[in-house]
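Structure, as structure tokens:
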Amino acid sequence: GSLLQPESLLDAAAKRVAGSWAFERVEGRFQRIPEPVQRRIVYWSFPRSERQICMYSSFQPGRAAAAASTASAAAGG
């Protein structure tokens with residue numbers, strides 16, 4: 001059988017921070033956050049399910065196609 005790898009301390013901490021604070025607050029509150037730490041906090045800040053992504057974004061099915069056709073018409077295509 002395969003052995004499961006435990007979560008890294010970096011990922012565990014980044015997940016906890018991302019679940020508690022908005023990234024903008026982290027940036028504003030702490031000076032000199034190492035880039036690898038920033039990347040993991042940002043990674044864990046994004047929603048994981050399609051339902052959450054749609055709920056927290058401006059994306060709505062059908063809207064992208066309408067915007068693309070409007071842009072194409074405006075460009076003379």
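The values are calculated or read from the model by the stated rules, or taken from the named source; none is laboratory data. None of the values given here were measured: they were computed from a predicted structure. Cβ atoms come from the backbone with ideal geometry, glycine included; neighbour counts cover every protein chain shown. All accessible areas refer to the heavy atoms of the entire protein, side chains included, with ligands and DNA or RNA removed. Shrake-Rupley method; radii C 1.70, N 1.55, O 1.52, S 1.80 Å.
Please report the base-10 log of the normalised intensity I(q)/I(0) for segment 9-54, using a Debye sum with one equal scatterer per alpha carbon and no solvent, at each q in 0.18, 0.27, 0.32 (1/Å).
Debye curve over Cα of segment 9-54, log10 I(q)/I(0) at q = 0.18, 0.27, 0.32 Å⁻¹: -0.52, -1.00, -1.22.
What is the magnitude of the charge dipole of segment 9-54 about its Cα centre, with +1 placed on the Cβ of each Lys and Arg, -1 on the Cβ of each Asp and Glu, and no other charges, expressed in debye to the nearest 20?
Roughly 120 debye, rounded to the nearest 20.
I'd like the accessible area for residue 35, computed on protein heavy atoms only with a 1.4 Å probe and all protein chains in place. Round to 10 Å², please.
Spelled out: residue 35, probe radius 1.4 Å, area about 120 Å².
From the protein chains alone at 1.4 Å, what is the descending order of accessible area for 33, 41, 53, largest first?
Order by accessible area, largest first: 53, 33, 41.
How far apart, in nanometres, would the label points at residue 3 and residue 21 be if each is projected 7 angstrom from Cα along the Cα-to-Cβ direction?
Here the modelled spin labels are 3.4 nm apart.
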